[in-house]
1. Please list, ordered by residue number, the strands (runs of 3 or more DSSP E) wholly in region 11-90 having 3 or more residues that are within 30 Å of I205 (Cβ to Cβ).
2. Given the criterion open to solvent by 50 Å² or more (accessible area, probe 1.4 Å), under 24 Å from S396 (Cα atoms) and either within 16 Å of the ligand (Cβ to nearest atom) or in contact with a Cys (Cβ under 7 Å, 6 or more places away or on another chain) (or both), identify the matching residue among K70, K79.
3. Please determine whether any residue of region 151-171 is among the β-branched types (V, I, T), over 21 Å from Y111 (Cα atoms) and within 16 Å of the ligand (Cβ to nearest atom).
4. Taking region 315-361 as the region of interest, how many residues are open to solvent by 40 Å² or more (accessible area, probe 1.4 Å), among the polar types (S, T, N, Q) and either farther than 19 Å from Y398 by Cα or outside the structural domain of A389 (by TED's automatic domain parsing) (or both)?
5. Only residues in region 330-345 that are more than 15 Å from C172 (Cβ to Cβ) count as the first member; pair them with residues that are β-branched (V, I, T) and within 16 Å of the ligand (Cβ to nearest atom), Cβ under 6 angstrom, at least 6 apart or cross-chain, and list the lot.
6. Among the residues of region 319-328, is any over 23 Å from G421 (Cα atoms), assigned to a loop (DSSP other than H, G, I, E, B) and touching a residue at least 24 places away in the same chain (Cβ under 8 Å)?
7. Restricting region 391-425 to residues that are more than 21 Å from V305 (Cβ to Cβ) and more than 22 Å from the chain's Cα centre (by Cα), which is surrounded by the most Cβ atoms within 10 Å (Cβ to Cβ)?
Amino acid sequence: MENSDWLKRKHLEYINDQLYFGGIRTIDLANQYGTPIYVINEELIRDRYRALKEVISMEYTNNRIHYSVKANTNLAVLKILESEGASVDCVSTGEIYLCLIAGFSPERIIYTSNNITNDELRYALEKNVIINLDHGSQLLRLIKIADELGINTKFISFRVNPEIGGGYHDHCITAGRHVKFGILEEDIVDAYKLAIENGFTNFGIHMHIGSGILEILTFKKSAEKFLSIVKKVRQETNIPFDFINVGGGLGIPYKPSENPLNLIEFSTTVLSIFKSSISDMGLDNPTFCIEPGRFLTAEASIILVEVNTIKKTKDKNFIGTNGGLNILIRPTMYDSYHHIINCINKNRDKMIQGDIVGQICESGDVIGRDRNIIEPEEGDFLAILDTGAYGFSMGSIYNSRPRPAEILINKGKSYVVREPGSFYDLERSQHIPDYLKK
Ligand code: LLP
């Protein structure tokens, strides 16, 4: 059956054949709050943050972990990480707005935009967050807007495209000559020169190569390339970088057969390259930044769904649930694997193989393809694991299904941290022109 150590690392265990998450029986949560629901485990988020902070700090103390909030912007999640001392990585003004509400001060917020608009530049300048651009022309627009606002900004960062990408799916590889992100090596020195010419005095530099990476070698190669580019900028401009940001992308074991990322090896590898490079460059203790999203929150959440229809045919079995691509798009969009397990192990020996599907009117609405699980009965609950990153945040109201609630669990208690959506949500921002009302 499930590898119990693998489950344990995700704070999941079976006691008397009943699945517990963070010490709480999952069927109790499903019965209390209804399904589908996202359940978020506070302790696990804190554990992941502390583990990463500890290994990085062992190598280099002047570091910041910027949680990449696109993974999960629930305000309780943001508050938890804020209280741990994390910084954040935002990719939209909406994310900045939420992080400010959650209590992150502007100097802990880096805004890594792409194809940024003037309104977004204005918002970022007004809120005084760190701005990370990915084209020189954006800097000229920023200067103009800062002048209009009477804001004297001296701090800028650029995103480098180091051309060494990584990640588990093409959509998630964010470096390379055919990828839209970042500034290529051949253009990066000019971007910094432009900033110097325009009076900027404080600088950061950034890359992010992709997502869901479990091989240390990928991090090693990209860090080497990135730091060689940083060195080149330093040689040609003499910039004293305040921070050097190596991005996120730290993977997690979605499958019981996968090993977790070796954090110590990751940290020693990347930081030894970083430390020797900054010493070569004669930089004085710049801040080392890293911006994981998935690593901090993915394993901290499960989705509970109810089985409502078991359809057996000669060719295929379908285990129909009230989940679907509206609440978890990753399997459909990236062919991602999410382990799915029973909340109660009835009939231990009776297994079923089939597709675990949702309620959305698309054939691609498959949460788990060709899975072997203990045969559930209609009315039983299943847990979809590792949904805390890019789960709710990529969800939708497709098929006009209101969004599920989010429940936080901590120390044996549960809290509604997001109310479920309602039918009113489906209509509230719409207007029917008068002539159509007749
Ligand atoms: N920094 C930047 C600039 C990013 O664009 C991202 C993710 C991260 C950090 C955090 O990456 P992470 O540590 O979470 O891998 N929707 C996809 C993932 C797309 C990530 C996009 N950028 C998924 O569900 O797997």
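1. It comes to 63-68, 87-90.
2. On the way: K79 fails: either within 16 Å of the ligand (Cβ to nearest atom) or in contact with a Cys (Cβ under 7 Å, 6 or more places away or on another chain) (or both).
Among K70, K79, only K70 is open to solvent by 50 Å² or more (accessible area, probe 1.4 Å), under 24 Å from S396 (Cα atoms) and either within 16 Å of the ligand (Cβ to nearest atom) or in contact with a Cys (Cβ under 7 Å, 6 or more places away or on another chain) (or both).
3. Yes, region 151-171 contains a residue that is among the β-branched types (V, I, T), over 21 Å from Y111 (Cα atoms) and within 16 Å of the ligand (Cβ to nearest atom).
4. Qualifying residue count for the region: 2.
5. Final answer for the pair search is H338/I384; I340/I384.
6. Filtering region 319-328 for residues over 23 Å from G421 (Cα atoms) gives 319.
Now narrow it down to the ones that are assigned to a loop (DSSP other than H, G, I, E, B): none.
No, every residue in region 319-328 fails to be over 23 Å from G421 (Cα atoms), assigned to a loop (DSSP other than H, G, I, E, B) and touching a residue at least 24 places away in the same chain (Cβ under 8 Å).
7. Taking region 391-425 first, the residues more than 21 Å from V305 (Cβ to Cβ) are 410-413, 424.
Retained after the next criterion (residues that are more than 22 Å from the chain's Cα centre (by Cα)): 411-413, 424.
On the way: K411: 9, G412: 8, K413: 11, Y424: 8.
So the residue we want is K413.
Yes/no matrix, rows are residues, columns are (1) touching a Cys at 6+ places or on another chain (Cβ under 7 Å); (2) without any contact (Cβ under 8 Å) to a residue 24 or more places away in the chain:
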position	(1), (2)
P376	no, no
G379	no, no
L382	yes, no
Y398	no, no
R403	no, no
N410	no, no
H431	no, yes
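The values are calculated or read from the model by the stated rules, or taken from the named source; none is laboratory data. In this text, all values refer to a predicted model and were calculated from it rather than measured experimentally. Heads up, the Cβs are rebuilt from the backbone with ideal geometry, glycines too, and the neighbour counts pull from every protein chain shown. Accessible surface areas use protein heavy atoms only, side chains included; no ligands, DNA or RNA. Shrake-Rupley method; radii C 1.70, N 1.55, O 1.52, S 1.80 Å.
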